[in-house]
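Visitor: Dumping the structure here so I can ask a few things about it.
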Amino acid sequence: MRTRNCVAGTTDYARLPDERILDVDECRMGSPQGRLKTFEGPLTLLNPGQNTQMRVSYIVWHLFHIPRVYWILDHDQDYRWFLLSDPSFTHVSLFSRVSQPPAVQVRRMLDELRHWGYDTSKLERPAQFPARTEANAPRAPSR
């Protein structure tokens, strides 16, 4: 899974017929208008009930599974935003249900990341995300 130069990322979750959850991550290569790149795989909650640790087994070329573990560091009460890290705390992602979150929400998220010891000056933040269209709207799972 190569994500270097992959910007304007989105994540969608879908419930599969067998009740599992599918994680669908997408980004654009080079710019918000760049070529679409998709990574997907089943998501497993590692601490059911708390739901703060998960494993996604990304499927590559329908042959290989690349497992990644993520921890939710913080979230608001309604999950309008959440902060996600790997267990080694070397990679972090900020998630928001809106593509341009209000400044007060961004400040709250950045403050929380600094509390966890992250240097927020190095975060990549695209100035613009692609608008949702029928072509890039969340889709039904491919499995």
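Visitor: Inside segment 98-109, can you point out the residues that are within 17 Å of Leu73 (Cβ to Cβ) and not β-branched (Val, Ile, Thr)?
Guide: Of everything in segment 98-109, those that are within 17 Å of Leu73 (Cβ to Cβ) and not β-branched (Val, Ile, Thr) turn out to be Pro101, Gln105, Arg107, Arg108, Met109.
Visitor: With respect to Arg143, is the statement that it is over 16 Å from Thr10 (Cα atoms), at pLDDT 90 or above and either more than 17 Å from the chain's Cα centre (by Cα) or open to solvent by 60 Å² or more (accessible area, probe 1.4 Å) (or both) true?
Guide: In short, no.
Visitor: So which residues in segment 1-24 are touching a Cys at 6+ places or on another chain (Cβ under 9 Å) and part of a strand (DSSP E or B)?
Guide: Within segment 1-24, Cys6, Val7, Ala8, Gly9, Thr10 qualify.
Visitor: Which ones in segment 60-97 are open to solvent by 80 Å² or more (accessible area, probe 1.4 Å), among the charged types (D, E, K, R) and outside any loop (DSSP other than H, G, I, E, B)?
Guide: Listed by number, the list holds a single entry, Arg68.
Visitor: Inspect segment 7-29 for any residue being surrounded by 13 or more Cβ atoms within 10 Å (Cβ to Cβ), under 29 Å from Pro102 (Cα atoms) and more than 15 Å from the chain's Cα centre (by Cα) and give the result as yes or no.
Guide: Yes, the conditions are met somewhere in segment 7-29.
Residues are listed down the side, and each one gets a yes or a no for (1) at pLDDT 90 or above; (2) over 25 Å from Arg114 (Cα atoms):
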position: Met1; (1), (2): no, yes
position: Arg15; (1), (2): yes, yes
position: Asp23; (1), (2): yes, yes
position: Leu36; (1), (2): yes, yes
position: Gln50; (1), (2): no, no
position: Val56; (1), (2): yes, yes
position: Leu63; (1), (2): no, yes
position: Tyr79; (1), (2): no, no
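Visitor: I'd like the full set of residues that are free of Cβ contacts under 8 Å to residues at least 40 places away in the same chain, among the hydroxyl-bearing types (Ser, Thr, Tyr) and within 17 Å of Ser57 (Cβ to Cβ), limited to segment 1-42.
Guide: The answer is Thr3, Tyr13, Thr38.
Visitor: Could you grab me the full set of residues in segment 94-115 that are within 13 Å of Gly9 (Cα to Cα) and touching a helix residue (DSSP H, G or I) at 6+ places or on another chain (Cβ under 8 Å)?
Guide: Leu94, Ser96
Visitor: Just to be sure I understand, how many residues within segment 1-36 are under 20 Å from Arg68 (Cα atoms) and basic (Lys, Arg)?
Guide: Of the residues in segment 1-36, 4 are under 20 Å from Arg68 (Cα atoms) and basic (Lys, Arg).
The values are calculated or read from the model by the stated rules, or taken from the named source; none is laboratory data. Quick caveat: nothing in here was measured; it's all calculated off a predicted structure. Cβ sites come from the backbone with ideal geometry, for glycine too, and all protein chains shown count toward neighbours. Note: areas computed on protein heavy atoms with side chains; ligands, DNA, RNA excluded. Shrake-Rupley method; radii C 1.70, N 1.55, O 1.52, S 1.80 Å.
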